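Since the structure comes first, as structure tokens, the remarks are kept for the end.
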Amino acid sequence: HRWEAELATARAGLLDAMSANSLTGRQLSRLLDEPLTTRWSPRDPEIESTLDVLGGSGDAALLATPDGYDRLSSTLVENALTQAPELAALTAAITAQERGYKTAKRASYAPDIGVTADLSHILAKDASGGRDLGDIADLIPEIDDTSWQVAVQAGLPVVTGGANKARRIRAREELFALKTDYRNVEEKLSQRTLSALDTATASWSTISLRRQAADAAAKTLELVRDAYGRGAASIIDLLDAQNSSLSTELAAVTAVYDFLDDWAEVRRSVAGLNSAHTQGP
């Protein structure tokens, strides 16, 4: 009866897994713009080939070296700050605000200069060559067909009721706020990169540990199975050994996916999946 109960439970778990696999396949098909009825054949993840797609395979290799973390942390943070679109946008805003601040400071002594020009030309004339003015054409003296004028005007705001000073202070404070935002974004990007690297470093080491645990659990299962065949172990012991072996095997496979997911976050933190990376020793 215990075996029958375990078999029924395993079949129920199989149905749940098949349903989850089907739902995941539908989601993948939607994301890849494939027909929703597409059937996918997943395979075991290969770390090297996947890292080539994500980028930074040379960086990941450094995680296995003693000083790999120190070398990666400085390089990746530098890449993150160099390639971050947030910092590029703030840099452009700071440059524009600095120009506005300089303009506000010069407003009290730099005059506003304006230039205007005007050009007119007579296009229509009567048959005698004069203006087409009808009966009064003979009463008006002859004037050139083309006339033009140019005017230059300069103004200096002597009294503005404190408006110039207010604009200057506002421009200065806005510039200070942008520079403060820049420093805050720098710190957040650095923190995000280092946090992602910390997580990836831990998950990288977890892969080998999970594999060791799976190998040990498989050997334990063989010993318990042999003992059960000789009557030296109970069915409870055998079922526990089977569950432990299955759980550790699944954890070993999941550890690879966890690392690849964590490494993808590292690549996102440096704003690119194909950015330059540090070569291994």
Review point. Taking the Cα centre of the chain as origin and charging only Cβ (+1 Lys, Arg; -1 Asp, Glu), how large is the dipole, in debye to the nearest 20?
Key: 920
**Study point:** 0 to 90° range, to nearest 10: angle between helix 2-31 axis and the chain longest Cα axis
**Key:** 20
Revision key, fill the gap. Expressed as a percent, the accessible surface of the chain that is carbon or sulfur, using a 1.4 Å probe and the full set of protein chains, is 56
Revision key, fill the gap. Between the Cα axis of helix 68-83 and the main Cα principal axis of the chain, the angle (0 to 90°, nearest 10) is 30
**Study point:** For the chain: rounded, prolate or oblate by the Cα gyration tensor [a/c cutoff 1.5]
**Key:** prolate
Study note, to complete from the structure: In nm, the gap between the two label points placed 7 Å beyond Cα toward Cβ at GLN242 and ALA117 is 9.5
Point to revise | Gaussian network model of the chain, Cα within-10 Å springs - most flexible of SER29, SER205, SER49 | key: SER29
Review point. How long is the gain from PHE176 to ASP52 if the chain were fully straight, where each residue apart is worth 0.36 nm and the alpha carbon distance is subtracted?
Key: 40.4 nm
Check your understanding: Can you give the accessible area per residue of the chain, in Å², using a 1.4 Å probe?
Key -> 69
Point to revise | Cα-projected label distance for TRP40 with THR103, points at 7 Å along beta-carbon direction, nm | key: 5.2
Study note, to complete from the structure: To the nearest 10 degrees, the tilt of helix 85-106 (Cα long axis) against the first principal axis of the alpha carbons of the chain is 30
**Study point:** Percentage relative contact order, the chain, counting C-alpha pairs under 8 Å, at least six apart
**Key:** 28
Study note, to complete from the structure: So for R0 = 35 Å, FRET eff. of GLN191-GLN212 from the Cβ-Cβ r, to 0.05, ends up at 0.60
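Just tell me the longest site-free run in the chain, where the sites are chymotrypsin sites (Phe, Trp or Tyr not before Pro) in a DSSP loop having at most 15 other beta-carbon atoms within 10 Å.
Answer from the scan: 110-281.
The values are calculated or read from the model by the stated rules, or taken from the named source; none is laboratory data. Note that the structure is predicted; figures quoted are calculated from it, not measured. Cβ atoms come from the backbone with ideal geometry, glycine included; neighbour counts cover every protein chain shown. Protein only, heavy atoms only, side chains kept; ligands, DNA and RNA dropped before computing areas. Shrake-Rupley method; radii C 1.70, N 1.55, O 1.52, S 1.80 Å.
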